[in-house]
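Before any comments, here is the structure.
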Amino acid sequence: MTIQLLSSDIFRNAMIAGTVAAAVASLVGYFVVLRAQAFAAESLLDVSFAGATGAALFGVAPVLGAAILGLGAAFGIGALGERARERDVEIGMVVSFALGLGIFFLSLYARGSASHATAGVSILFGSLLSVQPEDIGRLCLLSAVVLAGLAGVFRPLLFSTIDPEAARARGVPVRLLSTLFLLILALAAAAGALAVGILLATALLIAPAAAAVRLTRRPSATLVLSLCLGVGIIWGGILISFLWPGRHPPVGFSVSTLAAAVYFIGVAASRRAYARREKTIIIGDSAETAQWTSRKESTKRSRSSVKGKPGPGAPSHRT
Amino acid sequence: MTGLIQLLRYPFIVNALVTGSAVAVAAAASGYFMVCRRATFAGHALPNIGFAGAAGAVLMGIEPVLGLFAITILAAVAMGVLARDLRDRDVTVGVIMTFALGLGFLFLALYSGYAQRVYGILFGSILGISVQASRLTVAAAAASLAALALLYRPLLFSTFDPELAVARGVPVSLLSVLFLVILAVIASLAVQVMGALLLFTLLVGPAATATRIVKSPPAAIALATGLGLLYVWSGTMAAAANGTIPVSFCIASISFLVYLPVRLFVRPASRHREAAGHQRRTA
């Protein structure tokens, strides 16, 4: 019974699509986490949901609609949000409009029936178990474009992510790179949303890279760890869902739970290491407790926001 | 015009307008703080997280609103406690949100009945509200406004100058958890009558526009409230008059179309630039 399940086409297609989507998401996710753009990533996934429903309405391939609307939104966010601190409002405005558009398309698409909410839910949660061979072809093509784009801008992007001031001083086009990265992210989001659904794509974009950034320092090590975690999460999730005795939990649940577990284990591990280092500092410090706590707050904040100095989890850059 | 007045004879339109107005006022006030505290992602995530609570409550056979309260408040506290700096916060909110959505998905899969009310949370509509739900929502909106009024001064202080607030002994991290809990309460009650999208639009749209136009916090909150009411009324009426366009799409479009010219042509209010500059200097 189990063997049969594992050798079925459904399982094989799910594993292939899941692996490709997880690999791309965890590599792009590295920059998402370093640039603190999880909200942008989640929003672009929502936007691709709107694009896919719109494309279904006009009879175009969903992936095309998702990519077009996603690229438009990425361009809008990049053009409107000049500073990172301001950007989340712009993202919020763009995503609220795009989701409204998605609901509008859904209501047109399923007019006269109460099923449009159900249709939306299936897009949102994805359908890894109904992946078709031609979907895999499209996913691989888009993933190749995303990875090629990322490889093309990798070094300057890393430089401008870790040390934007120095990068600007050296003549690296930081603004342009920021928009380019959003465009790459939009394509990755379109590919991921259609292959594995918005929920899984969000989990895979954020969690593996966030855990990896906390556990390693060198960019190459972080990328490899993130890739391994991402692929491991999706394999683990699919296997749990397939092999669970009795009623199978949905893949969306097992993957997102595994992703959250990986992230929080990463946080706990790095906090512990951080606390051990901090303790040795306090012992030599005779300051009052109140002063100590306020200093701890401010050093923490400055360490993560000072330009030029990577935060506690950030890798040291070697450019 | 007479057609619009005719519309007011339908009780479901009146219900929608009353509930929508109450939520718009509460959302505008808390949205102002949300925008200034850069907590937009949390505002986007909390209504979606509520989905898991509602699905769980339906599965256990209890009132959805109880599940909504439990899970959104839990998530708000977790976000406030776990997320220390900006980068952390972003990732933590994302992970908590995907986890909650996955959990909701599991509950739905386990529940074999008709869960239209749960779906309504994600893609809900304001036009199907009962009188009872409307009253409950108005009461909750009033309660969260009262809580915001009570915390107004320390919250404002800790929003614009967290360093100084810490130095003066204001409990900044407690306030940030409390603020997220207020946001969670609004989300729990509003989301089941209007859906996650419409609530998020009312949180971010009016406040984002208002903070661009005026600088003083009371003026910005007042302007945001006015804009929120305007969006709800015009969007609901337009959708009801047309009959096929979803209300949430109408309101989201109006909010975006008002924001865009303001964003492009109005220079940001100086208070915010000052605040941003101050933060950059101290960082």
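The values are calculated or read from the model by the stated rules, or taken from the named source; none is laboratory data. Please read these numbers as outputs of a predicted model, since none were measured by experiment. Positions of Cβ are generated from backbone atoms using ideal geometry, with glycine treated the same way; all protein chains shown enter the neighbour counts. We work out accessible area using only protein heavy atoms, side chains counted, and drop any ligands, DNA or RNA first. Shrake-Rupley method; radii C 1.70, N 1.55, O 1.52, S 1.80 Å.
Buried accessible area between A and B (1.4 Å probe, both chains summed, ligands and nucleic acids excluded), in Å² to the nearest 100?
Numbers: alone 16460 and 13840 Å², together 24660 Å².
Result for this pair: about 5600 Å² buried.
Can you give the FRET efficiency for B:ALA222 and A:LEU176, using 1/(1 + (r/R0)^6), R0 = 25 Å, r = Cβ-Cβ distance, to the nearest 0.05?
0.05
So how exposed is B:THR244, as accessible area in Å² (1.4 Å probe, rounded to 10)?
Counting only protein heavy atoms, B:THR244 exposes about 80 Å² to solvent.
How far is it, in nm, from the label point at A:LEU147 to the one at B:LEU257 when both lie 7 Å from their Cα along the line to the Cβ?
Result: 4.5 nm between the two label points.
For B:HIS44, what accessible area in Å² do you get when you roll a 1.4 Å probe over the heavy atoms of the protein chains, rounding to the nearest 10?
10 Å²
Provide the per-residue ³J(HN,Hα) series for the stretch B:252-258, in order, calculated from phi with Karplus coefficients 6.51, -1.76, 1.60 and θ = phi - 60°, each as a whole number of Hz, with x at glycine and proline positions.
Per-residue couplings from phi come out as 4, 5, 4, 4, 5, 5, 6 Hz.
Between B:LEU150 and A:ALA275, what is the label-to-label distance in nm when each label sits 7 Å out along the Cα-to-Cβ direction?
It works out to 3.2 nm between the two label points.
Between the alpha-carbon centers of the stretch A:205-248 and the stretch B:49-101, tell me the distance in whole angstrom.
22 Å
Given charges of +1 on the Cβ of Lys and Arg and -1 on the Cβ of Asp and Glu, with all other atoms neutral, how large is the dipole of chain B about its Cα centre, in debye to the nearest 20?
In debye, rounded to 20, chain B gives about 700.
Quick one: what are the phi-derived ³J(HN,Hα) couplings along the stretch A:151-157, Karplus 6.51/-1.76/1.60 with θ = phi - 60°, whole Hz, x for glycine and proline?
After applying 6.51 cos²θ - 1.76 cosθ + 1.60, I find 5, x, 9, 3, 5, x, 5 Hz.
Could you run the Karplus curve 6.51 cos²θ - 1.76 cosθ + 1.60 with θ = phi - 60° over the stretch B:223-235 and give me ³J(HN,Hα) per residue in whole Hz, x for Gly and Pro?
Those phi angles translate into 5, 4, 4, x, 4, x, 4, 4, 4, 4, 5, 5, x Hz.
With every protein chain kept in the model, how would you rank A:LEU141, B:LEU66 by accessible area, 1.4 Å probe, largest at the top?
A:LEU141, B:LEU66
Towards the positive end of the charge dipole of chain B, with charges on Cβ (+1 Lys, Arg; -1 Asp, Glu), say which of B:LEU136, B:VAL14, B:ALA27 has the farthest Cα.
B:ALA27
Taking 0.36 nm per intervening residue step and subtracting the Cα-Cα distance, what contour gain separates B:PHE157 from B:VAL266 on full extension?
Going from the current span to full extension adds 36.7 nm.
Suppose only helical runs count, i.e. DSSP H with n ≥ 4. What mean residue ellipticity at 222 nm does that imply for chain B under -39500 (n - 2.57) per run, divided by all residues and rounded to the nearest 500 deg cm²/dmol?
-29500 deg cm²/dmol
FRET efficiency for B:ALA241 and B:ALA133, Cβ-Cβ distance as r, R0 = 30 Å, nearest 0.05?
Efficiency computed from Cβ-Cβ geometry: 0.80.
Ordering A:CYS228, B:CYS250 by accessible area with a probe of 1.4 Å, largest first, what comes out?
Result of the area sort, largest leading: A:CYS228, B:CYS250.
The stretch B:174-247 to the stretch A:49-108: how many Å between their Cα centroids?
Measuring centre to centre over Cα atoms gives 20 Å.
At a probe size of 1.4 Å, how large is the accessible area of B:SER255, to the nearest 10 Å²?
Roll a 1.4 Å probe over it and B:SER255 shows about 0 Å².
Loop only per DSSP, at most 12 neighbouring Cβ atoms within 10 Å: give me the trypsin sites (Lys or Arg not before Pro) in the stretch B:1-88, ordered by residue number.
The qualifying sites are B:ARG9.
Each label point is 7 Å from the Cα along the Cα-to-Cβ direction; what then is the distance between the points at B:PHE12 and A:TRP244, in nm?
3.6 nm
Full-extension gain between A:ALA169 and A:VAL60, please, as 0.36 nm times their residue separation minus the C-alpha to C-alpha distance. The partial results should precede the final answer.
Numbers: separation 109, 0.36 × 109 = 39.24 nm, distance 4.48 nm.
My answer for the length gained is 34.8 nm.
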